[in-house]
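The numbers here are math on the coordinates, done by the rules we state, and not lab data. If you're wondering where the values come from, they're calculated on a predicted model, not measured in any experiment. Here the Cβ positions follow ideal geometry from the backbone for every residue, glycine too, while neighbour counts run over all protein chains shown.
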Amino acid sequence: MSLITEAHVGKKYAIYLPKAVVKALGLKEGERVLLRVSGNTLVLETLQDPVQLALSGKKFASITPEQIEAISLEEQASHAKGSP
């Protein structure tokens with residue numbers, strides 16, 4: 001999708017995004033964005049909340065609670081051996 005629109009710089013250099021941009025990006029109040037400056041170009045990218053991404057993102061591995069417990073015990077044992 002391509003969208004070109006203008007915005008203005010307000011008080012304290014705030015940039016107010018036009019409603020069309022907010023809708024196109026699916027932004028909600030309070031969400032974070034990444035701003036990148038290259039020459040005289042400003043690029044705005046959406047940042048996904050890590051928790052929301054973990055809940056709704058594509059799953060590529062699975063682990064059971066028992067496996068988590070076994071790994072945790074192994075890690076604790078290895079750290080305990082290295083303690084004075």
If you build the convex hull over the alpha carbons only and average its shadow over all orientations, what do you get for the range 11-81? Give it in nm² to one decimal. 9.8
Proximal lysine pairs, the chain, alpha carbons under 24 Å, eight or more residues apart or interchain: 7
What longest range of the chain stays clear of loop-exposed trypsin sites (Lys or Arg not before Pro) (DSSP non-H/G/I/E/B, at most 10 other C-beta within 10 angstrom)? 1-27
At 222 nm, what helix-only mean residue ellipticity would the chain give, in deg cm²/dmol to the nearest 500, using -39500 (n - 2.57) for each DSSP H run of four or more? -11000 deg cm²/dmol
Build a GNM of the chain with springs between Cα atoms under 10 Å: which of A70, A54, A24 gets the top mean-square fluctuation? A70
Suppose each label sits 7 Å from its Cα in the direction of the beta carbon; what would the L42-H8 distance come out to in nanometres? 1.4
